[in-house]
Amino acid sequence: MIIYSQVFLLLAASVVSDLRSSKIKNTGVFFFLISGILSNYCLQGLEGLKLSLAGAAIPVLLLVLFFYLRLLGAGDIKLYSAIGALLGWKAGLYVLAYSMLAAGVVSFAKLYGTGEARRGFTELFHEIILFFNSAIPGNQLPPPVNINNRHVIKLSPAIAFGTGLQLLTGLLL
């Protein structure tokens, strides 16, 4: 129960901070990352420590490409890591999947609601080409997308939704 309380506090603070300032505070995330590692070690011993460390590392490894493409913020990745440290790597992967699906639905609705779906997908395609072209030496890079004109959603509510869904399905199954 202590782990669930920590997850709730982490998500509540992160969502409020993200909605107010578009930033997820490092101090809170790192506190809960360390707290998750220590709690799992105290509750489950070395096995809990391994699960928690893997839960903290896997989101960074999986999401670094999205950060490089400017599709995901560093605070979101750190939040995923703290959740992984608290819940372990398996639950962390489910949280990642559920929250990405929720964010996709919100993004899709936002693009169609504003009538700018074509522009949004064109910009995404442009970013992907930019990434692959930058990996080939001597290639001329296309001009960067105007990042001031991009559609942005706050990911922390989707992460909170994905975490809640994972905890609910974990309790029911």
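Values in this text are rule-based calculations from the coordinates and carry no lab data. Keep in mind that what you see is a predicted model, and the values were worked out from it rather than measured. Note that we place each Cβ from the backbone using ideal geometry, even for glycine, and neighbour counts take in every protein chain shown.
Quick check: net charge around residue 73, other residues with Cβ under 11 Å of its Cβ, Lys/Arg +1 and Asp/Glu -1?
So the environment of residue 73 carries a net charge of +2.
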Problem set entry | Fewest-first sequence of 101, 51, 65 by Cβ atoms within 10 Å of each Cβ | 65, 101, 51
Exercise. Can you give the angle from 0 to 90° between the axis of helix 117-134 and the longest principal axis of the chain, with both taken from C-alpha atoms, to the nearest 10?
Worked result: 90 degrees
Problem set entry | Rough spin-label spacing in nm, given labels placed 7 Å along Cα→Cβ, for residue 43 and residue 169 | 2.0 nm
Problem set entry | Separation in nanometres of the label points that stand 7 Å from Cα toward Cβ, at residue 74 and residue 97 | 3.0 nm
Exercise. How far is helix 74-87 tilted, in degrees, relative to the longest principal axis of the Cα atoms in the chain, given as a value from 0 to 90 rounded to the nearest 10?
Worked result: 30 degrees
For this session: Let me have the 222 nm mean residue ellipticity of the chain computed from DSSP H runs of 4+ only, each contributing -39500 (n - 2.57), with the sum over all residues rounded to the nearest 500.
Result: -28000 deg cm²/dmol
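Taking a temperature of 10 °C and a viscosity of 1.306 mPa s, what whole-number D in µm²/s does Stokes-Einstein yield for the chain with Rh from Kirkwood over alpha carbon pairs?
This corresponds to a translational diffusion coefficient of 92 µm²/s.
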Seminar exercise, completed: If one builds a Gaussian network model of the chain from Cα atoms under 10 Å apart, the most fluctuating residue listed among 125, 30, 67 is 125
Exercise. Contour minus end-to-end for residue 34 and residue 50, with contour as 0.36 nm per residue of separation and end-to-end as the Cα-Cα distance?
Worked result: 4.4 nm
Problem set entry | Packing-based exposure ordering (other Cβ within 10 Å, fewest first) of 127, 116, 47 | 47, 116, 127
